[in-house]
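Okay, so here's the structure we're looking at.
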C-alpha cells in the first residue's frame, strides 16, 4: 500500500521546481509577446488570409490550415476572424471532418452577428457574401452528417438573403441545386426538386458555369429515371454531357463517369443496346480516376494528421502568452486536491473491488449460458455473411473486369473486320459470336450472384424483377410492395436473399400455381409475407423445418427480427417476417455542389 504521509516531504520540492520553471517561462513569453505585438499588423494578417485562401483553391489544405489558424486565435479584427473561421470550416469539409467544420462555421456566424461598426467600415455586401458562403457550407456539413432538417434550414436561410451581389446570387444557385439533391431522395417531393433545379439552371446559365449546369441536368434526369420516363432522362443526360465536352478538371471527369453510367441505364430500359458503349466509357474513366482518387485520399490522411500538430503548436503559443505568476497558487491548490482525490479514490477502489468480483462471477455464469445458446447461431450467420460477401466480390469482378476485357476484344475484332472489307474470314465472325455469347453468360452469372437491379434501384425493384423472372406457365408469382424506401446495401442484400430462398422452396417443393409476396414498411420495421397455394406440410409446433429455413431463422434472429411459418397439408404455406430496417446513406444518391 502506498504511504501518503511521504508526500509531505515531496510537496515543497515540487513548489520550488514549478516556481523556477514558470518564472523563467513567463519572462521569456513576455518578451516574445511584445515583439509579436509590434509586428502582427492587420495588413500582415490579411495577406496571410489571402495566401491561405489561394492554397485552399489549389487543394493544398494542410498548408492553408497552418497559415490560417493563428488569425482565429490572435487577430482582433472581427471580420477577418469570421472569414478565417469560415475558411477553416471549408477545409475540414474537404477532409470529411464535418463535426469540426460545424464548430468553426458556427464561430464564424457568431462573429458576424456583432454590431456592424466593429468591422472597420466593412460594406454590407461583403457581410452578406460571408453569411451566404457560411450557410451553404453549414448545410453541406449537416447533410453529410445525415441531419436533413438542419441542412434544409440553412439552404433556405441562404436563399432568403436579400442581395444583388453577383457572388451571393451564384451561391443561391448552388443552394437551389443542393435543395433539389435533398428532395430527390424523397419520392414524394420530386416536383419540388424539379422546381429548385429549374431555378438553379437559370442562375448557372446566367454565369455560364458549365460544370454546375451538367450537375443540374444530371439531377433533373434522375427525377425522370425515378418516374421511369427513360426517354426524357436520356435527352437530359446527353445534354449534360455536352456541357463537359471541353472540361478537363477532376470534377468534370467525375461527372462524366457518372453521366455515362446513368445514360447507359436509361438506354438499357429503352431497349437501346448502344447502352453498352456508354458503360464501356464509364469503366474507362473510372479506371483513369483511380490514381487521382488515391492521391486525394492520401492528402486527406496527411491533413488529418497535421491538424492535431498545428492545433497543438497554436495552443502552446497561446499558453506561453497567458501564463503569469498566479499560476503557482493554482498549481498548489490543484496538487492538494489531487492528493485528497487519490486518497479517497484508493479507499473507494478497495470497497468496489469485492463488489465487482462478485458481480463479475455472476455475469460470467450468465454469459456462459447465453453464449452456449447463441454460438451456433453466430457461426451460421458468419458463414452466410461470408457467402454474401464472396458472391458480391465475384459479381463485381465479372462485371467490372472480365466483361470489360471481352468488350475490348470484340472491339479489336471489329477493327480487324473493317480491314478485311467484304472478304472477312469466317473465323473472325465466329470468334465475335463466341465473345458475345461469353459476355452474355458473364452478365447472367453476375446478375445471379448479386442482382444489379438490387444494387442500383433497391429492394422493391429487385423483388419485382425476380418475381417476373421466376414466373412461368406453371406458376405465377404476384407482388404487392408498398410504402418502402431505400435501405443500406447490406440490409437489402440480406432481405433479397431471404425472399429468394423462400421463392426457391416454393418452386422446388410446393407444386403451387400461385405465389404472393407482400412487403410494407410500418413502425420502423419491414413486414414481409411470402405465401403459396401448394401442397404445404405438417407443422408440428416448431417454426421451421429443413436446413434452408433454419438458415433463414438464424439470419433474422441476428437482425433482431421474427420469423413464423404457418402450413398444413394441401393448404399451402405462409412465411411471415418482421425485421427492423437499416436506412441507407442518402448522401450518395444525388450529386451535391460541395
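Read-outs: derived from the displayed coordinates by stated rules, not from any lab. The model shown is predicted, which means the values in this text are computed figures rather than measured ones. Here the Cβ positions follow ideal geometry from the backbone for every residue, glycine too, while neighbour counts run over all protein chains shown.
Would you please put 233-245, 464-476 in order of how densely packed they are, using the mean number of other Cβ atoms within 10 angstrom per residue and starting with the highest? Don't skip to the answer; put the middle values down first.
On the way: 233-245: 19.5, 464-476: 13.9.
The densest-packed peptide leads the list: 233-245, 464-476.
Report the extension gain between residue 470 and residue 284 in nm, rounded to one decimal, defined as 0.36 nm multiplied by the number of residues separating them, less their alpha carbon distance. Mind dumping the intermediate values first?
Working: separation 186, 0.36 × 186 = 66.96 nm, distance 3.44 nm.
In short, 63.5 nm is gained.
Run the numbers for residue 478 and residue 525: contour at 0.36 nm per residue of separation, minus the present Cα-Cα distance, in nm. Could the numbers behind the result be given before it?
Numbers: separation 47, 0.36 × 47 = 16.92 nm, distance 2.20 nm.
This chain segment gains 14.7 nm when fully extended.
For the modelled label position 7 Å from the Cα of residue 227 along Cα-to-Cβ, which residues of the range 154-195 have backbone nitrogen atoms closer than 11 Å? Output list for this probe position: 190-195.
Taking every alpha-carbon pair in the range 457-588 and binning the separations at 5 Å intervals from zero gives 2, 10, 21, 24, 20, 13, 7, 2, 1, 0 percent. If one computes the Cα centroid of the range 250-286 and of the range 491-512, what distance in Å separates the two points? The range 250-286 and the range 491-512 have Cα centres separated by 32 Å.
Neighbour counts of other Cβ atoms within 10 Å put 79, 323 in the fewest-to-most order 323, 79. Provide the percentage of antiparallel DSSP beta bridges, counting only those with both residues in the range 457-588; round to the nearest 5. So the antiparallel bridges amount to about 75 percent of the total. By the count of neighbouring beta-carbon atoms within 10 Å, fewest first, 169, 333, 579 end up ordered 333, 169, 579.
If you average the sequence gap of Cα pairs under 8 Å that are 6 or more apart and divide by the length of the range 457-588, what percent do you get for the contact order?
Working: 225 pairs, mean separation 32.9, N = 132.
Taking the mean separation of contacting Cα pairs over the length of the range 457-588, I get 25 percent.
I need the peptides 171-177, 494-500 ranked by packing, meaning the mean over residues of other C-beta atoms within 10 angstrom, with the highest value on top. Intermediate results must be reported in sequence, preceding the final value.
Working: 171-177: 25.0, 494-500: 21.1.
With the highest mean Cβ count within 10 Å placed first, the list reads 171-177, 494-500.
Beyond 23 Å, the tail of the calculated P(r) for the range 167-265 holds 20 percent of the Cα pairs.
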